[in-house]
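Worksheet: the structure to be examined is printed underneath.
Values in this text are rule-based calculations from the coordinates and carry no lab data. What you see is a predicted model, and the numbers here were worked out from it, not measured in a lab. Don't worry about glycine lacking a Cβ; one is built from the backbone with ideal geometry, like all the others, and counts go over all protein chains shown.
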Amino acid sequence: MKRLIILLMLLLPIVAMAQSGLYKSYASRQNLTVAQVSGFKLNESERVDVVIIVADDDATWQQLSKELNIMGENGSVSWLGDIDKPAQRVKWSSTPVLRVVASPTRRTIAFYRINTESQYDALLDYQLNNMKQAK
Amino acid sequence: MTENEFDMLWQRAEAEGYGKRLAAEYPLWRQKQRRVVSMVTALLIVVTVAMSLFTTQLHHSRNYEKVYCNRVGTTDAQWASLAAEMLLE
């Protein structure tokens, strides 16, 4: 019986996939719909985790915009954000960063966690290729 | 020998008999229990490996692995689709 309990204790952390700190920090807030898409596929070899926040109303969006220093009313904005402080704009480095895309018209913000240079390249390729196809 | 003495003797004999039976059957019972635990452990390992293989294959066929959401109402595929659309904003 002890062996079974030990095995279950070993298996549980493997089975239960973790939610990111970013997801947890927004998921408990009111008037926000928050989702974490783990392993979002960019190409055959690269996947990233994405946290998406949707504000339920304009007031919540205004509050969110203020927190993340999002200027402008209509056009979407994007930046590279610090992994712990997404509002803080950073330049690309080898450390993990967040690619943040905010769309005021959708009242939505998406955070793409980039851990490696190849993930960053794949993300840019994904944007380029899909924009070409969209045209 | 009184009737009471006989009853006491009978009870003692019965208790000793059970004791012997238990002593004889205990190792078998332990063996059987160990076998069941081993089988359940092996089954758990097989199921876990099979599940991980299955989910790996499933992940490769989808553009996402897992979705968490603090509310119901939107499907996992819709969230993955929104993640893709936001990149094209």
Cross-link reach from residue A:66 to lysines, straight Cα distance under 19 Å and at least 8 residues apart if same chain, gives A:85
To the nearest 10 degrees, the tilt of helix B:3-61 (Cα long axis) against the first principal axis of the alpha carbons of chain B is 10 degrees
Using alpha carbon centers only, the stretch B:34-71 is separated from the stretch A:32-88 by a whole-angstrom value of 31 Å
Cα-based Debye curve of the protein assembly as shown sampled at q = 0.08, 0.13, 0.16 Å⁻¹ gives log₁₀ I(q)/I(0) of -0.46, -0.85, -1.12
Karplus-derived 3J(HN,Hα) from phi for the stretch A:89-104 (6.51 cos²θ - 1.76 cosθ + 1.60, θ = phi - 60°), whole Hz, x at Gly and Pro, runs 6, 10, 8, 4, 9, 6, 6, x, 9, 10, 8, 10, 10, 10, 10, x
Non-local residues with an amide H under 5 Å from the amide H of residue A:70, with H modelled 1.01 Å from N and Pro and chain starts lacking one, are none
For residue B:32, the lysines lying under 28 Å Cα to Cα, once residues fewer than eight places off in the same chain are dropped, come out as A:2, B:20
With Cα coordinates, the longest principal axis of chain B makes an angle with the long axis of helix B:76-87, in degrees rounded to 10, of 30 degrees
Partner shielding of A:34-45, taken as the mean number of other chain Cβ atoms within 10 Å, equals 6
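Which value at 222 nm does the protein assembly as shown reach when only helices count, each DSSP H run of 4 or more adding -39,500 (n - 2.57), with the total divided by all residues and rounded to the nearest 500 deg cm²/dmol?
Theoretical 222 nm ellipticity from helices: -18500 deg cm²/dmol.
Counting alpha carbon pairs within less than 8 Å and at least 6 residues apart, what relative contact order, in whole percent, applies to chain A?
Relative contact order, chain A: 19 percent.
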Taking A:29-41, B:27-39, A:117-129 and ranking on average Cβ neighbours within 10 Å, highest first, one gets A:29-41, A:117-129, B:27-39
Output field shielding_mean for A:92-98 (other chain Cβ, 10 Å radius) holds 0
Highest mean packing first, using Cβ neighbours within 10 angstrom, the peptides B:7-19, B:67-79 sort as B:67-79, B:7-19
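So which helices of chain A fit the span-like rule, where a helix is a whole DSSP H run, its Cα atoms reach 18 Å or more along the axis, and its mean Kyte-Doolittle is at least 0.0?
On the way: long enough: A:2-15 (20 Å, 2.31); A:117-134 (25 Å, -1.02).
Sorted by number, the helices that extend far enough and score high enough are A:2-15.
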Looking only at aspartates and glutamates whose Cα falls under 14 Å of residue A:132's and that sit 8 or more positions away or on another chain, we get B:85, B:89
